[in-house]
């Protein structure tokens, strides 16, 4: 079975809702695809090595996302602000996106107060909104319509800075830096009470927006309009884009005004997109001797620079540009830009466009986007009702494959309404740019709906000149209804291809230009809609009418389903004639119907696109959740509803009553709930229940019960005492193979005491699997009361101080007190009581400042412990549940046993095709693989290691990094079986100095010894083809091109490899052919190098340097590979020899300076390369960082193995190595490792 997200990422299209009453679809919105971008080459290069991004979510929670070369992802929580309660995380994987939603954000999401895209970590990364690339998260806060006049006086929430007032959208744009995240979240969510501040309506992500001629202009009939005297003279056209080249001959005399809304200081186009678009609208053609004119060469250009040199901008910048253009009283506004994600037209950008269109009188012409050929991909602002949305065709009227299709998300409105040429469009090239395919210094060729849009905007300018008193709606209707009908899908072509000549000269048109009938349920009553035929001429016009409507397969609609009120009509001069279209949904099956209403007569032709969606009948469905005690679950309990027939998905939250009400069409559904125990707001649940049904069949009105009363507790049996740092429970469901499906999971914090699951049978069809994962360690602290010895469960505040050994402490009951100034708490355990609705962390800090040896923050509700980050605290701090705190109060004295660093780690995953009744699991050497893990370190820096374990269907997983505390060894137990395990470790705890592995698979009962960060040099890891081909390792040649991914860092383990990951890393690479430099760069990082076909000698030189204090050995390396290569028809691995080191060092990467030191080397060929015998090697040692060298004695052991004998003669400092080795075919490697190991 294929994973849910691998390699190719399809546009994130939400499932279609089936009626106004249906539950809202889980929209998957995010970054844009350039509307003017070239179509992606099918021969795209292999993916680059794994990338890592850190994001501070709107809640203040920090997550790290690791993206692997094959598209799989691992998301991990990272320490957030001190005092921030640790939330549970809901992780959802759909269509290649991962959403990570902290539990305290779910109520606001359910109330539609937060944009779901704020939690789409995939989209945030693609938009460049991670912490490393964006100093502050851009947001838009919308308010009620009545607030527009007072927006300027509306203060930004605490923790944010206001950047713009967007009156047209009743909104303000703000930026929130990561350091202020907790403050901002408290301000908008009313702190720990979980209720949103009342002043704003919704918080939106300030979405990224990006930019999406000679024979195309005649194709649309512009010259005929010019001959009639209409060239756009006196018409104002705004172009909101990347700016303009003010010196380009085609546009320099057409520019009336410019303005900049980006972070630059001028409107100069440094991208090229805006100049190309502007010239297509109104270019004079001067650069081509008048041949390459724009559509409206007489129009004046008002240029708003809303996109930067990369063609990127934001929602708030676009709205600001729109408001400026409207203030200039322009007639037409061209917007060849947009997000790439589907919209229902209710987002802030679309709503701002609708408002401004009505108020300003300007016609907005907008690119549909380049997310084709998938349906329902029209994005914002093209999805706005008032926008004239433009698709792209070739110069022979064939639909462009990249052109976005409708219908519009949500209501199935017809979008785009019109098409125009958008393939191979030659127009002005801005100075200093190379966008597209340059034709000469002044022209370039581009593809995209961005190129189609200015054709329509120019035609609109001609029509404004012809009818200066027309409204935007009239202009839009005339352009659309006079378009030339062409073959192609209605939801991509609209009424047809633009015909500027007909729009300007023809005396009749239709209003509206398209007829999108509201959705109808199958069997519903007939409905009607009216199209008015308008005659602007001085003589009556007689027209014949015909309606041709077909279903989605192209077959004619059933007889009687669609009808016209008349087959012929006469429109009086200067008058109107109504035509009524009747639709009877009961006469057809459900599905999409579309066609054209055509009106023809002498010198007149009108085409109105007609569309109707007929949906299945909706039935009222009530979903009741019953907790394991027979009561109601907590209000933020979640329900995943997946329609197995349509792949429609809903991520829902139960009400306080434990119910959900919906209207659903008949079909098969999967309904899975994660129910949390009832508790007060701000209190972490002590337990949860997983329950559901993978095969719910809806055939009419229904009540579905999600019953947790039969749930059993999941119990893990281990030989040693354990506590968990997290527990994750998740499920995968697909209705049929190849369908989008769903992977959903909840990661619970260490505060969760118990996990339950109700029996669930195997699914009747499709794929269904339930899994749970645990990270188990020795308890950070155990507590028993004195003298009774009652055990007290304490939950450590993560990443806070811990203690080693035994502490016997008196208990000081501080109650709900928040300030301990003047109180002497030295040598005591301070027991504090949390108050609902008040932050508990300041009291913890105050007690520590008063000298408390240990602090316990207890719950005042009958529920489990709270959960906090303990970063930067001055003493060990814990939380406790209500009943545990009662034991402490009664005893007045407690004995604590601390284990700050666990000597073992159980990484447990169990899965099944349902939920069995027996949930007891034996965690032992019989069922697990054992890893004797050794982590080398020359400092006491804290690092981390994580295992991302993927079942075959998984495209993304949630993981919890395990802490490495300096140099240490421990037993690590991991799950065997059908899991692809990818391990990564770092030496700083934040991804710096990271090394990783390829895919691994373990067996139950297997025993492995592993060393991380032991001394070694860079080289090709031991990767088994073909499963690791996505990594691009090892380097290979195909034909006359070699592709290199050469890791710059490594250690003694041939399975480990790493790349540049810290600001202080320095690398460089050169490739020579027969002594001549062929390629040079800082890195060989997914680098393609052309190589002549003749056989030649190649020399690859690579250097690396890492100066961070926690990277104490192999601080500088230099590696030279010599090999020969020639043209090859098949993929051929290059023979870059690798040296593996076994230096016999301790965990501090040191050996004794006195006595003889014997260590091993192995020289090998990369996996998949030819392997001639090793012919020889030599080793040199240096004790002065490479200033002088001495040769070491070398014993050959066969198969490329060597033993080195050295006498360090009681020297101090470090030993550097220089190793040279060669094989019988002439391949050679020379590697120098400065400070390979230390002497002690």
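Place a label point 7 angstrom from the Cα of residue 310 along the Cα-to-Cβ direction, then list the residues of region 247-270 whose backbone nitrogen is under 19 Å away. Within reach of a label on residue 310, which here means backbone N under 19 Å from a point 7 Å along Cα→Cβ, region 247-270 contributes 261-266, 268-270.
Expressed in units of 2.2 N^0.38 Å, where N is the residue count, the Cα radius of gyration of the chain is 1.03. Using a cutoff of 8 angstrom between alpha carbon atoms and counting only pairs six or more residues apart, the relative contact order for region 1029-1239 works out to 20 percent. Ranked by the mean number of other Cβ atoms within 10 Å of their residues, highest first, the peptides 1141-1148, 57-64, 397-404 fall in the order 57-64, 397-404, 1141-1148. Label separation (residue 149 vs residue 1211): 8.4 nm, computed from points 7 Å beyond Cα along the C-beta direction. Sorted largest first, the principal axis extents computed over the alpha-carbon atoms of region 439-517 equal 43, 32, 18 Å. Dividing the summed -39500 (n - 2.57) terms of all DSSP H runs of n ≥ 4 by the residue count of the chain sets its mean residue ellipticity at 222 nm at -3000 deg cm²/dmol. Estimated at 0.36 nm per residue, the fully extended path between residue 439 and residue 1095 surpasses their Cα-Cα distance by 232.5 nm. Here the chain carries DSSP beta bridges of which approximately 80% are antiparallel, counting only pairs with both residues inside.
You can think of it this way: the chain between residue 826 and residue 1131 has 102.8 nm of extra reach, that is 0.36 nm per residue less the Cα-Cα gap.
The slack in the chain from residue 1194 to residue 1158, taken as 0.36 nm per residue of separation less the alpha-carbon distance, amounts to 12.0 nm. Enumerate the residues in region 779-804 having an amide nitrogen under 18 Å from the point lying 7 Å beyond the Cα of residue 883 toward its Cβ. From region 779-804, the list is 783-785, 789-795.
Report note on the peptides 569-576, 205-212: ranked by the mean count of other C-beta atoms within 10 Å, highest first, their order is 205-212, 569-576. When both region 255-323 and region 791-825 are represented by their alpha-carbon centers, they are found 64 Å apart.
Placing a pseudo-label 7 Å from each Cα along the Cα-to-Cβ vector at residue 1008 and residue 396 gives an inter-label distance of 5.6 nm. A crude spin-label estimate for the pair residue 1187 and residue 183, with each label 7 Å from Cα along the Cβ direction, gives 5.2 nm. Given a Förster radius of 45 Å and the C-beta distance between residue 816 and residue 263 as r, what FRET efficiency does 1/(1 + (r/R0)^6) yield to the nearest 0.05? Approximately 0.40, to the nearest 0.05. Calculate the FRET efficiency for residue 619 and residue 754 from the Cβ-Cβ distance with a Förster distance of 41 Å, rounded to the nearest 0.05. For R0 = 41 Å, the calculated efficiency reads 0.65.
Of the residues 562, 1013, the one with the fewest other Cβ atoms within 10 Å heads the list, and the complete ranking is 562, 1013. Which of the three applies to region 781-898, rounded, prolate or oblate, going by the alpha-carbon gyration tensor with a ≥ b ≥ c and a/c under 1.5 meaning rounded? Rounded is the answer for region 781-898, as its axis ratio a/c remains below 1.5. Taken over the alpha carbons of region 556-602 as equal point scatterers, the Debye sum produces base-10 log I(q)/I(0) values at 0.25 Å⁻¹ of -1.01. Overall, the anisotropy analysis places region 711-829 in the prolate class: the square-rooted eigenvalues a ≥ b ≥ c of its C-alpha gyration tensor yield a/c not less than 1.5, with a/b exceeding b/c.
The distance from the alpha carbon centre of region 546-596 to that of region 368-423 is 23 Å, rounded to a whole number. For residue 359 and residue 920, what does the FRET efficiency come to when R0 = 60 Å and r is the distance between their Cβ atoms, rounded to the nearest 0.05? E between residue 359 and residue 920, to the nearest 0.05, is 0.35.
Among 691-704, 1099-1112, 1042-1055, sorting by the average number of other beta carbon atoms lying within 10 angstrom of each residue, highest first, gives 1042-1055, 1099-1112, 691-704. Residues within the reach of a label modelled at residue 546 (point 7 angstrom out along Cα to beta-carbon, backbone nitrogen below 20 Å), restricted to region 475-510, are 481-490, 494-497, 508-510. Counting beta carbons within 10 Å around each of 548, 375, 269 and listing the fewest first gives the order 548, 375, 269.
From largest to smallest, the equivalent ellipsoid semi-axes obtained for region 1083-1231 from the alpha-carbon gyration tensor read 32, 19, 13 Å.
We did not get these values from a lab; they are worked out from the coordinates using the rules stated. For clarity, every value in this text was computed on a predicted model and none was experimentally measured. So basically every Cβ, Gly included, is an ideal-geometry build from the backbone, and we count neighbours across all protein chains shown.
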